[in-house]
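The structure appears right after this line, and notes come after that.
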Amino acid sequence: LSGPEEALRAWKNGGIPVQLLRELFAHHDTFEVLYFLAGYAETPSKILEELGEKTQSVLILSQLADHPRTPKPLLQQLAKHEDPEVRKAVARSKWISPQSALILSDDDDASVRAALAENHAITPRIQAKLSNDDVPFVRAALLKLPHLDVEIQKALCDDMDVTVQTKALLNPRLDPSCLLECADSDESLSQ
């Protein structure tokens, strides 16, 4: 096929025998083949694990971060990777483990924490931790979640940063109890 993306589209429903995948990994270590294996839904976890140890390519590691069969220990390693793009890929992954999310919630790069805050798979514990982040746009990123905890919504409606507070109050998914509290407050912005 014309490239790894085209091959991933053509084989998205599976059908490649596992033995052929093993042979590809063992005998063809070109970027295109490794990228395909990292993104192919039926690649065995053992190959993904070995691939994570074998490559330093940010693109391949980012593919591994969002693969449903990537072993949890490898995800935790990728959450500590030196490149922020790899850490962002883990932060955006719908397969993120609570341990990896906890690691990324303390990341030095605010854009990584913001990507984590937008992830639908994070637990209420991680949501609560990110709602106390020092950087306003990380806190505001939580407002993109469809099922944000009501207590966190209330905290963001009363945020010290006016932009976060405004975004929270204008959020269409805001819990009605938050709106009632804001209407009853003495602050003109909330009203």
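The values are calculated or read from the model by the stated rules, or taken from the named source; none is laboratory data. Keep in mind the model is a prediction, meaning the values are calculated, not measured. Glycine also receives a Cβ, built like all others from the backbone with ideal geometry; neighbour counts cover every protein chain displayed. Calculation scope for accessible area: heavy atoms of the full protein, side chains included, ligands and nucleic acids excluded. Shrake-Rupley method; radii C 1.70, N 1.55, O 1.52, S 1.80 Å.
What is the chain's relative contact order, in percent, from Cα pairs under 8 angstrom and six or more apart in sequence?
Relative contact order of the chain: 11 percent.
Once the chain is represented by equal point scatterers at the alpha-carbon sites, with solvent omitted, what log10 I(q)/I(0) does the Debye formula produce at q = 0.14, 0.17 Å⁻¹?
So the normalised log intensities are -0.79, -0.98.
Among Q19, G3, F36, whose Cα lies farthest out toward the positive end of the dipole of the chain, if unit charges sit on the beta carbon of Lys, Arg (+1) and Asp, Glu (-1)?
Q19
Express the carbon and sulfur contribution to the solvent-accessible surface of segment 69-149 as a percent, rounded to the nearest whole number, probe 1.4 angstrom.
Carbon-and-sulfur percentage of accessible area, whole number: 51.
Using the Karplus equation 6.51 cos²θ - 1.76 cosθ + 1.60 (θ = phi - 60°), what ³J(HN,Hα) coupling, rounded to whole Hz, does each residue of segment 15-21 give in order, writing x for Gly and Pro?
Using θ = phi - 60°, the values come out as x, 7, x, 4, 4, 5, 4 Hz.
Of L142, L21, L51, which is the most mobile in a GNM of the chain whose springs link Cα atoms less than 10 angstrom apart?
In this elastic network of the chain, the residue with the biggest mean-square fluctuation among L142, L21, L51 is L21.
Take the residue pairs K72/K154; K54/K88; K54/K129; K12/K46; K129/K167; K72/K94 and return only those whose Cα atoms are more than 22 Å apart.
K72/K154; K54/K129
Take the alpha carbon atoms of segment 81-109, find their center, do the same for segment 2-54, and report the distance between the two centers in whole angstrom.
Taking the Cα centre of each part, segment 81-109 and segment 2-54 sit 23 Å apart.
For segment 16-119, what does the convex hull of the Cα positions come to per residue, in cubic angstrom?
Cα-based convex hull of segment 16-119, divided per residue, equals 80 Å³.
With every protein chain present, what is the per residue accessible area of segment 4-119 (1.4 Å probe, Å²)?
I get 50 Å² per residue for this part.
Which whole-Hz ³J(HN,Hα) couplings does segment 121-137 yield from phi under the Karplus relation 6.51 cos²θ - 1.76 cosθ + 1.60, θ = phi - 60°, glycine and proline marked x?
For segment 121-137, the Karplus curve yields 8, 6, 7, x, 4, 5, 4, 5, 5, 6, 5, 9, 4, 6, 9, x, 6 Hz.
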